[in-house]
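In what follows, a single structure is set out as structure tokens and then discussed.
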Amino acid sequence: MKTLRISLVALTLLLLASTAVYAAGLTATIVSPAPNASVALGQSFDLQSTVTNASGGVNYVWSFNDGTTNRGGQNQTVTFATAGAKVITLTVGDGSGASDVKTVSVVVTGSDSSALAITNIRITDITTNSAVIRWTTNRVADSRVIYDTVSHSSITGATSPNYGYANSTGTSDNTTKVVEHAVTVSGLAASTHYFFRVISAE
């Protein structure tokens, strides 16, 4: 039987303008681990990076979303004490004040009786008629979003794929299983209040 988790968030779609500030030339790259790599619980593995166009001394900070102690240095090792999805962030700065931030997700496998959980739900890339809904799961799972212009306090008794909502991003869950989810919702009306639920299943 698949484990299913659904979370509810409300969204008001507005036309937004954004201004991006980019580092002047400094570029960091996480060489290892590879995105969505699988690592055994308790296994030590390498963190490796490269930096180009740095000016002066370079400072490296590796940080983790599960409370694991930060580490410095271009290359490091880490061992996770718990299973599940982990997000590794590399922050690099140089003597000129330029900086760059890169992230990579890995899955730590092993004995873990915790339930599938959805966290860090957020809305990005908003336009006049679309938005990208993103979230994180503690283990690899598939992805789907259901949405409507009216609120649904419960989906008890409702059936797949829409669970009573007017719209769904698919008739079944996305078969690609990841820990960092990103689903584009399009065809929306500007300045309209939408309610949505994110759905992930193992």
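Computed quantities for the displayed model
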quantity	calculated
Which listed residue is closer than 13 Å to Ala182 by Cβ, surrounded by fewer than 17 Cβ atoms within 10 Å (Cβ to Cβ), in contact with a strand residue (DSSP E or B) (Cβ under 9 Å, 6 or more places away or on another chain) and basic (Lys, Arg), from Arg122, Arg144	Arg122
Test result for Asp94, under 27 Å from Ser186 (Cα atoms), of a type in the set (Asp, Glu), modelled with pLDDT under 95 and crowded, with 19+ Cβ neighbours inside 10 Å	no
Among (1) surrounded by 13 or more Cβ atoms within 10 Å (Cβ to Cβ); (2) over 17 Å from the mean Cα position of the chain (by Cα) - the single one Thr192 does not satisfy	(1)
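Results for (1) touching a Ser or Thr at 6+ places or on another chain (Cβ under 7 Å); (2) farther than 18 Å from Ser200 by Cβ; (3) in the same structural domain as Ser186 (by TED's automatic domain parsing); (4) in contact (Cβ under 8 Å) with a residue 12 or more places away in the chain, shown as yes or no for each residue.
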{"position": "Ser32", "(1), (2), (3), (4)": "no, yes, no, yes"}
{"position": "Gln48", "(1), (2), (3), (4)": "yes, yes, no, yes"}
{"position": "Ser55", "(1), (2), (3), (4)": "yes, yes, no, yes"}
{"position": "Phe64", "(1), (2), (3), (4)": "no, yes, no, yes"}
{"position": "Ile121", "(1), (2), (3), (4)": "yes, no, yes, yes"}
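The values are calculated or read from the model by the stated rules, or taken from the named source; none is laboratory data. Nothing here was measured: the structure is a model prediction, and the numbers come from that model. Note that we place each Cβ from the backbone using ideal geometry, even for glycine, and neighbour counts take in every protein chain shown.
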